[in-house]
1. Find the residue count for region 24-62, including only residues that are surrounded by 13 or more Cβ atoms within 10 Å (Cβ to Cβ), of a type in the set (Phe, Trp, Tyr) and within 12 Å of residue 102 (Cα to Cα).
2. Within the bounds of region 63-84, is there any residue that is open to solvent by 80 Å² or more (accessible area, probe 1.4 Å), assigned to a loop (DSSP other than H, G, I, E, B) and under 27 Å from residue 17 (Cβ atoms)?
3. For region 85-106, what are the residues that are surrounded by 15 or more Cβ atoms within 10 Å (Cβ to Cβ), within 19 Å of residue 32 (Cα to Cα) and of a type in the set (A, V, I, L, M)?
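The values are calculated or read from the model by the stated rules, or taken from the named source; none is laboratory data. Computed from a prediction, not measured in an experiment: that's the story for all the values here. Here Cβ is always computed from backbone atoms with ideal geometry, including for glycine, and neighbour counts include all displayed protein chains. What goes into the accessible areas is simple: the full protein's heavy atoms, side chains included, and nothing from ligands, DNA or RNA. Shrake-Rupley method; radii C 1.70, N 1.55, O 1.52, S 1.80 Å.
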Amino acid sequence: TTQGIVTAVERDISVRPIPVGIALLQNYPNPFNPSTVISYQLPAAGFVKLKIFDLLGRDVATLADGWIEAGLHTVSWNAPGFGSGVYFYQLQSGNSLLTRKLLLLR
């Protein structure tokens, strides 16, 4: 302001709306080699587990395991030591359990 006169209005882009529901988004890129990005959103803070499983259901990686604040979150999975194939990533938070598949191509 200049002597009580508004000269500009700035938008605060650092504030993001809180998601309405829990969501597990499709990884990108998919198929991938050797890394991919997984995003998920939480409507409220809580304990979260984000894990990767192989086709036999074996837990092969843990990407998140702990208290996470509400909002949109992004994690990367770098898989240089893993073989080509279909894997599943699973988000568990509260009573919600969401699963998607991803494809690693060598």
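1. 2
2. Yes, region 63-84 has at least one match.
3. Within region 85-106, 102, 103, 104 meet the criteria.
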